[in-house]
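Structure first, commentary second.
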Amino acid sequence: MRLSSLVSKTTLLVALGLATAAAAVACSSSSANGADPMCGAPVEGEPQEVPDDLRCTGLYGDWDAQTVAPQNREFSPGSPLWSDGAEKRRWIQLPDGTKVDATKMDDWTFPIGTKTWKEFAVNGRKVETRFMWKVRADRWLQAAYVWSEDGTTAVRNEGAELEIDGKPYHVPSTSDCNSCHEGRKDKVLGFEALNLALPGATGFTLGALVDEDRISPKPMKTKVTIPDDGTGASGPALAWMHTNCGVSCHAANDSAIGGRVGLRLRLGWDDVNGARPPAEWDAYKTTVGVESKSADYEGKPRITAGDPAGSLLVDLVETRGPGQMPKIGTMVVDKTGAEAIRTWITSMSGDGTPKPSNPDDPNPTTDGGTPAPTGSSCLADSIAEAEANDTAETANAMPGATGTFCGTFAEDTDVDHVAFTAPADFAGISMKLSASSGGAVAIVSANGGAPVQLGQGNPVPAVRGGSYLVKVSGPKGLAYRLTLTLR
Ligand code: HEC
């Protein structure tokens, strides 16, 4: 939905409303690849089964030349799943005119008709291509196609036991697909906000989704790095655990099979965007100094700060065979991933809390996640421009979303008003005000029903359904920036 902006000389009214995602319209054609004469007539109604031949799934525009059809967009997650060193490529097709529903940034909903593929190759030779197809709001079809040695055909063969270059290679069964892909309500694991925003994401990234208007509501940030916890080593370890353990199994949602033991390693979008300091993330609260609850390891700490050898998590990630983690999908330890976790745990202070990078600041990331006011881009460079551009479109209501409003005080010691309506589901708002050059600026008040006094950076409590009026003051001619962060 668009945010309405109503602007007068000194008032900017922006409704930070939750987007009502446009109802996904099913792709009317249920044929997997109607264009290829080898693939028969398109199926009428809801497809019940995937084609037996990869050729008929619609991945390639020209099968013989093996050129991928242009509507299938290649993407690579910033933190990929370890698959024993296999080379992987991935594509997604969103039906024409549809958008990803990102109302929940950690749980996107895909339009009916969405298709995704993942190709596995070993030493340059294609081995299998996996396929998932959303045919109904609550139904995905899935398959794995095994390539012939000469690379000319690929037919369904889930569960196949292959030998590739003298080594065993297991193609997952469809129940294997589920044990990982049911980790997320709408099944898709790597094409998600965090993995498409992390450094290293390529192809159809979060930025591309926003630029091409294929996502609603549009997140304000399209690139994120995982904030460091003070150890200087948390980013790679947490990113690895997020994808290899968190998105599929060790997550909070009911369907994630590893969630029941209470271990949660998925990173939340609002967390990495500053809503909470790292020590309050699930990946810390359920690991550091926390004993395992599974019968086999009861009493063993998942992570012992400073001591990788005393950390069950490291042990299982470095095990292959009974007890190995992840349980399926790998027969070889990811040495790089395991090393990142070891380094991180070694760097933790003995009491299990992340070490603050600045010893004077015990909570290095608790400033509400508000980015430095200077340098963050304005929703508009001036209030007049905001009016012209309809600021609304760039704003979004997810926790962690930030918006910077820029203005210039018009009168001597002017008071400027920034008014906005917050979405229903948020915990509060942090505000930071700065001036472009010397000159005193102040947040005078923020009114959320009842007047609230606040200091720089102090979060204003949530006022359900209320609207805020923020007053800022400063001398005539001074340019200011007010950054708001939803919590
Ligand atoms: C061990 C867990 C696991 C198993 C088993 C598994 N997947 Fe995945 N799959 C993932 C993860 C994690 C990603 C995202 C990360 C990546 O692609 O590197 C992914 C990505 C994909 C993608 C790309 C779209 C997306 O979700 O990001 C497709 C398509 C896919 N898998 C299909 C399948 C099919 C079909 C099966 C069964 C035949 C299967 N997968 C089995 C974990 C698994």
The number of residues in the range 168-177 that are in contact with a strand residue (DSSP E or B) (Cβ under 8 Å, 6 or more places away or on another chain) and either more than 10 Å from the ligand (Cβ to nearest atom) or among the polar types (S, T, N, Q) (or both) is 3
If you check GLU192 against the conditions, is it modelled with pLDDT under 95 and within 16 Å of the ligand (Cβ to nearest atom)?
no
Looking only at residues in the range 74-84 that are in a strand (DSSP E or B) and surrounded by fewer than 20 Cβ atoms within 10 Å (Cβ to Cβ), which one is nearest to the ligand (Cβ to nearest atom)?
SER76
Are any residues in the range 254-279 among the acidic types (Asp, Glu) and farther than 23 Å from LYS223 by Cβ, and if so, which ones?
ASP254
Out of GLU161, GLU182, GLU87, GLU149, which single residue is modelled with pLDDT under 95, more than 9 Å from the ligand (Cβ to nearest atom) and of a type in the set (Asp, Glu)?
GLU182
Failed condition for ASP315, given (1) charged (D, E, K, R); (2) part of a helix (DSSP H, G or I); (3) modelled with pLDDT under 95:
(3)
For residues in the range 90-113 being among the charged types (D, E, K, R) and not in a loop (DSSP other than H, G, I, E, B), which is nearest to the ligand (Cβ to nearest atom)?
ARG90
When the residues of the range 156-191 are narrowed to those that are small (Gly, Ala, Ser) and in contact with a helix residue (DSSP H, G or I) (Cβ under 9 Å, 6 or more places away or on another chain), which ends up nearest to SER83 (Cα to Cα)?
GLY190
Subset of the range 202-240 (residues that are among the basic types (Lys, Arg) and farther than 23 Å from LEU81 by Cβ):
ARG214, LYS218, LYS221
Looking at the range 333-344, is at least one residue among the hydrophobic types (A, V, I, L, M, F, W, C), at pLDDT 95 or above, closer than 30 Å to LYS167 by Cα and in a loop (DSSP other than H, G, I, E, B)?
yes
Members of the range 220-262 that are assigned by TED's automatic domain parsing to the domain that holds ASP315, in a loop (DSSP other than H, G, I, E, B) and either within 16 Å of the ligand (Cβ to nearest atom) or closer than 18 Å to PHE191 by Cβ (or both):
VAL247, SER248, CYS249, HIS250, ALA251, ASN253, SER255, ALA256
The range 114-137 - residue that is farther than 21 Å from PRO47 by Cβ and of a type in the set (Lys, Arg) and, of those, farthest from the ligand (Cβ to nearest atom):
ARG125
Restricting to the range 160-194, name every residue that is under 19 Å from GLY259 (Cβ atoms) and part of a helix (DSSP H, G or I).
SER175, ASP176, CYS177, ASN178, SER179, CYS180, HIS181, LEU194
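The values are calculated or read from the model by the stated rules, or taken from the named source; none is laboratory data. All values reported here derive from a predicted model rather than from experimental measurement. Using ideal geometry, Cβ is built from the backbone for each residue, glycine included, and neighbour counts are taken over all protein chains shown.
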